[in-house]
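Single-structure report; data block below.
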Amino acid sequence: MAEKRMFSMQIIDSDAFLDMPLSTQALYFHLAMRADDDGFVNNPRKIQRVIGASDDDCKLLIAKRFILTFDSGVIVIKHWRIHNYIQKDRYKETVYQDEMAMLTVKENKSYSLSESPCVQDVSSLDTPCVQDVSSLDTQIRLDKIRLDKINNNILSSSVKEIVAYLNEKAGTKYRASTESTARHIRARLNEGYSVEDFKTVIDKKCAEWSGTEMSKYLRPETLFGSKFESYLNQRSGARRGANGVVLDEKADDDLDGIL
């Protein structure tokens, strides 16, 4: 599979594409970058989690027909052949032949799901390249810069949303622009956790710690640090004693590494 991919301005500069949220656009770019030489992706959910995209981003790409889905969980980039011209000596046929048989190629070179199976002629992929592959390095570097900028914008937006939610729920006044606050959030986002995962942790720990001596630990470095995964998977509805001390949920574990 090739290491470099192209994107057609005909598609990504269209109103239909640009009207989508930046997070949805970024998910599309990441899916296309990881697709095989026929445009198929076998792990779209994993890619979605890794970049912090939401289910709504994926649903929007499907609704707007930028990606086509199959019952197997595999997806294909609808405009793959518009984006990419692959020389025959570099082309590696997809392993998803059952899914390929369900597609037809329209006159404009976009994929369409067919009512009846059809067999694709692999030799038809050897079309004259719009550009010589060897001359694409500059454009690829520019595309990477643009993609990095989109990812940074998404990351910054996610940090702001999470900090705002923490301040609202915990009554705090943390700032998303503070590096010590943002660092822990970015680290977890880069591990593939979603904004909703952060909100779940905030909700659980606010319900457990608010109004107790533990409320002082409703802070980014505690909530989003090394205990984040255990907090995320913690059972809701911990019992409390009269003094506000948690009776279940392994309170000793929560204190470990905090004090």
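The values are calculated or read from the model by the stated rules, or taken from the named source; none is laboratory data. What you see is a predicted model, and the numbers here were worked out from it, not measured in a lab. For neighbour counting, all protein chains shown are included, and Cβ atoms are generated from backbone atoms with ideal geometry for every residue, glycine included.
Assorted remarks:
- Given (1) among the basic types (Lys, Arg); (2) assigned to a helix (DSSP H, G or I); (3) in contact (Cβ under 8 Å) with a residue 24 or more places away in the chain, index of the condition Lys59 fails: (3)
- Residue match in region 84-95 (condition: within 20 Å of Glu191 (Cα to Cα), among the polar types (S, T, N, Q) and touching a residue at least 40 places away in the same chain (Cβ under 8 Å)): no
- Residue that is modelled with pLDDT under 85, acidic (Asp, Glu), buried (at least 17 other Cβ atoms within 10 Å of the Cβ) and not assigned by TED's automatic domain parsing to the domain that holds Ser23, where the choices are Glu249, Glu208: Glu249
- Of all the residues in region 62-97, those that are of a type in the set (Gly, Ala, Ser) and assigned to a helix (DSSP H, G or I) number 1.
- Subset tally (residues that are loosely packed, with under 15 Cβ neighbours inside 10 Å and either charged (D, E, K, R) or at pLDDT below 90 (or both)) for region 162-182: 7
- Pairs where the first residue, in region 34-49, is outside any helix (DSSP H, G or I) and the second is surrounded by 21 or more Cβ atoms within 10 Å (Cβ to Cβ) and among the acidic types (Asp, Glu), C-beta under 7 Å, 6+ apart: Phe40/Glu99
- Across region 8-31, the number of residues qualifying as closer than 16 Å to Asn108 by Cβ and either in contact with a helix residue (DSSP H, G or I) (Cβ under 6 Å, 6 or more places away or on another chain) or in a helix (DSSP H, G or I) (or both) comes to 7.
- Filtered residues of region 183-223 (kept if outside any helix (DSSP H, G or I) and in contact (Cβ under 8 Å) with a residue 60 or more places away in the chain): Gly192, Tyr193, Ser194
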